[in-house]
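Following: one structure in structure tokens, then a few remarks.
Bear in mind that the values in this text are calculations on the coordinates, not laboratory data. The structure displayed is predicted, hence computed values, not measured ones. Using ideal geometry, Cβ is built from the backbone for each residue, glycine included, and neighbour counts are taken over all protein chains shown.
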Amino acid sequence: MAHFHLAQLYPNLMNLYGDRGNLLCLQKRLEWYGYDSSIENINPGNNLDFRHIDLLFMGGGSEREQELVLQDLVSKTDSLMKAIEEGLPVLFICGAYQLLGEYYRSHEGKEMQGLGLFSFFTQGFKERLTGDILIHTTLNGVEESVVGFENHGGRTYFIDKRLQAFGRVIKGFGNNGEDKQEGIRYKNLLGSYLHGPLLPKNPKVADFFIKAMAERKGLKIEGTLDDSLENYAHEQVKRKLMG
Ligand code: GLN
């Protein structure tokens, strides 16, 4: 039976607001679809062999934690970009998403180099962008709503205007509270400010990753799941935001 290998980068440092729940959600849905899975924890100094993983995840973290993981992450830059180009499913939340860009400048003006995989930067502000958020995405080819919770001091700006956002902000702040863009999407990579965690309340986003993982293994996911509970949770956030 096919087994799915999920990997989490720096679970002890980068895991704000229950972000690991995204992996637990994927595991549960894979089980419901009839597949086994496991989560490998990748800590600083550990080897990350992209040939043996089906999905890479990193959660959010404060500037302090971002700095602590950066050196190790930088050593993985080339292999990470190669894997992304080859279609590896990747989910990076908030502080992790920020590290994919060129740099992060704190509100005191201290600059931290990012991996530079994508041409964007993040500027920190004292005033945080916090609250529930609703975006629209065309991740699965049709427009769908995605809900979550955001809490970030950093505002992310695309330098390369051709970069594709994960979604368009309907309510909330997103990348910077100005241009209505939220997150980034490239091949099977998503970077997003949405905690919550993201996947349990947005089963269609979870299934985007499951489908992408399965396709890379030459598998076809059969059947549909009963998502009435997940959709109820999704609708509750939407209703609260839209009145
Ligand atoms: N340090 C970052 C910020 O506040 C990331 C925070 C987070 O991951 N929630 O912008």
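Restricting segment 223-235 to residues that are of a type in the set (Asp, Glu) and part of a loop (DSSP other than H, G, I, E, B), the residue that is farthest from the chain's Cα centre (by Cα) is ASP226. Does LYS220 satisfy being buried (at least 21 other Cβ atoms within 10 Å of the Cβ), charged (D, E, K, R), part of a loop (DSSP other than H, G, I, E, B) and more than 16 Å from the ligand (Cβ to nearest atom)? No; evaluated as a whole, the condition is false for this residue. Would you confirm whether or not segment 196-211 contains a residue that is in contact with a Lys or Arg (Cβ under 9 Å, 6 or more places away or on another chain), at positive phi, crowded, with 21+ Cβ neighbours inside 10 Å and assigned to a loop (DSSP other than H, G, I, E, B)? No, segment 196-211 has no match at all.
Would you confirm whether any residue within segment 143-150 is loosely packed, with under 14 Cβ neighbours inside 10 Å, of a type outside the set (A, V, I, L, M) and over 18 Å from LEU73 (Cβ atoms)? Yes.
Residue-by-condition table, conditions (1) away from the ligand (no atom under 16 Å from the Cβ); (2) surrounded by fewer than 23 Cβ atoms within 10 Å (Cβ to Cβ); (3) over 18 Å from ASP19 (Cα atoms):
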position: LEU91; (1), (2), (3): no, no, no
position: TYR97; (1), (2), (3): no, no, no
position: LYS110; (1), (2), (3): no, yes, yes
position: GLN123; (1), (2), (3): no, yes, yes
position: ASP132; (1), (2), (3): no, yes, no
position: HIS136; (1), (2), (3): yes, yes, yes
position: GLY141; (1), (2), (3): yes, yes, yes
position: THR156; (1), (2), (3): no, no, yes
position: LEU163; (1), (2), (3): yes, yes, yes
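Checking the structure you have, find out if any residue of segment 216-238 is closer than 14 Å to VAL90 by Cα and not acidic (Asp, Glu). Taking every residue of segment 216-238 in turn, at least one turns out to be closer than 14 Å to VAL90 by Cα and not acidic (Asp, Glu). Residues considered: LEU24, LEU6. Of these, the only one that is touching a Ser or Thr at 6+ places or on another chain (Cβ under 8 Å) and more than 16 Å from the ligand (Cβ to nearest atom) is LEU6.
Among the residues making up segment 182-204, those that are out of contact with any strand residue (DSSP E or B) (no Cβ under 6 Å at 6 or more places or on another chain) and either aromatic (Phe, Trp, Tyr) or away from the ligand (no atom under 16 Å from the Cβ) (or both) are TYR186, LYS187, ASN188, LEU199, PRO200, PRO203. Kindly establish whether GLU150 is of a type in the set (Asp, Glu) and more than 19 Å from GLN236 (Cβ to Cβ). For GLU150, the condition - of a type in the set (Asp, Glu) and more than 19 Å from GLN236 (Cβ to Cβ) - is not met.
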